[in-house]
Amino acid sequence: MKKRIFNFSAGPAILPEEVLLQAQEDFYSYKDSGMSVMEMSHRSKVYDEIFTGAQKDLKTLLGAGDDYTVLFLQGGATLQFSMIPMNLMPPINKADYINTGAWSKKAIAEAKRVGAVNVAASSADQNFSYIPKEFKFDPEAAYVHFTSNNTIFGTQFRNEPEVGNVPLVCDASSDMLHKPIDMNKYAILYGGAQKNIGPAGVTVVVIRKDMIERSNDDLHAYMNYKTHAEADSMYNTPTTFGVYMCGLVFKHILNKGGVEAMYANNVKKAGLLYDFMDESDYYKPTAAKEDRSLMNVTYRLPNEDLEKKFIAEATENGFSGLKGHRSVGGIRASIYNAFPTEGVAALVEFMKDFKAKN
Ligand code: PMP
């Protein structure tokens with residue numbers, strides 16, 4: 001088998017090895033269908049089983065009941081930044097947003113095209129290094145939007161904000177399925193698949209059915225949740241192969257013990273890195289301790305020259321994707337569900353060694 005390296009990419013990101021091998025086995029001819037999943041009609045019986053199986057398994061993993069619909073759409077989380085306000089804001093035409101970084105800001109910018117945005121809290125004052133704890137919510141808002149994990153700044157909500165009866169909408173692009181959540185608290189949970197769920201191209205939208213009723217028929221059909229819900233995500237050709245891959249990941253997580261098992265492992269993995277750094281005066285995590293992300297571990301070295309050297313030497317040693325986002329610099333180790341514990345332990349050893357030599 002070909003060699004694989006430790007891939008710390010923020011997304012598209014590492015997928016479980018078992019899933020890749022299964023896809024390899026299925027690739028040329030899926031089960032006894034005589035064709036690749038890529039070559040199948042999305043309306044065929046074989047494909048229908050793949051698609052509805054993925055929807056069902058995702059609902060099981062999330063604990064989502066019959067009052068939720070799973071949509072597999074396209075356009076990334078980015079298109080949802082527009083679809084959410086277009087579908088959910090009217091007729092109230094105002095919504096609450098929590099600003100915790102670059103992705104929240106993009107969501108806010110699109111919402112402002114539709115109606116009034118109340119920024120209920122923001123951590124912009126300290127360069128998004130923490131999660132706000134106090135919120136000024138408007139009880140009449142159409143919904144509250146937040147970003148559960150801030151991929152760039154390495155911060156993460158420990159708990160959902162308490163929003164009372166106002167529908168809660170969450171961009172969970174970079175931490176969906178990393179731990180058990182109470183799905184009943186969410187009106188919409190969405191994200192691009194390319195971190196914890198599967199390949200880029202699939203957008204997961206788990207939506208409570210009463211939210212779908214809000215959509216106005218004047219919307220362009222493709223922008224309307226009702227269109228996609230009524231067509232069961234097949235209004236047009238879905239990303240057939242992508243959803244198949246997501247389905248394999250869902251089955252893999254279920255086989256590994258579900259989101260509970262993912263969480264236990266994620267706490268352990270992130271703990272290895274943070275505990276080591278807390279004892280070091282050399283590596284400094286950028287996020288406030290209580291708000292540190294289990295998915296994206298962001299940190300700095302004593303200066304930028306050392307950071308460059310660190311990334312170069314790490315790459316030579318088989319650790320890929322450690323460069324921080326271009327907008328913030330520093331180091332970012334993305335350690336999603338599929339990232340192996342051995343890889344984190346190996347990085348800690350490399351960091352010890354690098355510190356000793358530099
Ligand atoms: N939200 C978050 C939290 C993200 O991390 C990203 C992508 N890194 C996006 C939104 C944008 O997602 P997409 O590229 O799928 O549109």
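Of all lysines in the structure, the ones whose alpha carbon falls short of 17 Å from that of Lys136, not counting any fewer than 8 places away in one chain, are Lys94.
Centre-to-centre, using Cα atoms only, segment 20-46 and segment 298-334 are separated by 39 Å.
I want the local charge near Pro302. Using Cβ-Cβ distances under 12 Å, sum +1 for each Lys or Arg and -1 for each Asp or Glu among the other residues. The partial results should precede the final answer.
Working: positive: Lys284, Arg300, Lys309, Lys355; negative: Asp281, Glu304, Asp305, Glu307.
Value of the local net charge: 0.
Annotation: extensible slack from Leu20 through Ala356 equals 117.3 nm (criterion: 0.36 nm per residue apart, minus Cα-Cα distance).
Quick check: net charge around Asp57, other residues with Cβ under 13 Å of its Cβ, Lys/Arg +1 and Asp/Glu -1? Write down the numbers at each step before the final one.
Numbers: positive: Lys56, Lys59, Lys251, Lys256; negative: Glu49.
Here the charged neighbours net out to +3.
When the dipole is taken about the Cα centre of segment 17-255, and only Lys, Arg (+1) and Asp, Glu (-1) are charged at their Cβ, what size is it in debye, to the nearest 20?
440 debye
Mean projection of the alpha-carbon convex hull of segment 259-357 over all orientations, in nm²?
Numbers: hull surface 25.3 nm².
Projected over every direction and averaged, the Cα hull of segment 259-357 covers 6.3 nm².
Net charge in the neighbourhood of Ala77 (other residues with Cβ under 15 Å of its Cβ; Lys, Arg +1, Asp, Glu -1) is 0. Which of Lys284/Lys355; Lys59/Lys251; Lys112/Lys179 have a Cα-Cα distance over 20 Å? The pairs that break the limit, which is 20 Å between Cα atoms, are Lys112/Lys179. Pull up the cross-link candidates among the aspartates and glutamates for Lys352, meaning alpha carbon to alpha carbon under 17 Å and not fewer than 8 places away within one chain. Excluding near neighbours in sequence, the set is Asp275, Asp278, Glu279, Asp281, Glu307, Glu313, Glu316, Glu342.
At most 12 other Cβ atoms within 10 Å plus a DSSP loop assignment makes a site exposed; report the longest stretch of the chain without any exposed GluC sites (Glu not before Pro). The longest such stretch corresponds to 1-133.
Calculate the tail of P(r) for segment 76-187: the fraction of all Cα-Cα distances greater than 24 Å, expressed in %.
Values: 994 of 6216 pairs.
Tail of the P(r) past 24 Å holds 16 percent of the pairs.
For segment 1-135, the calculated P(r) over all alpha carbon pairs, in 5 Å bins from 0 to the bin holding the longest distance, is 2, 8, 11, 12, 14, 16, 13, 9, 8, 6, 2, 0 percent. The chain gives an Rg/Rh value of 0.98, both radii derived from C-alpha positions and Rh following Kirkwood. Full extension of the chain segment joining Glu313 with Ala231 gains 24.5 nm, where the gain is 0.36 nm per residue of separation less the Cα-Cα distance.
Any read-out appearing in this document is the output of simple, stated calculations on the displayed coordinates, not a laboratory observation. Values in this document were obtained by computation on a predicted structure and should not be read as measured data. Using ideal geometry, Cβ is built from the backbone for each residue, glycine included, and neighbour counts are taken over all protein chains shown.
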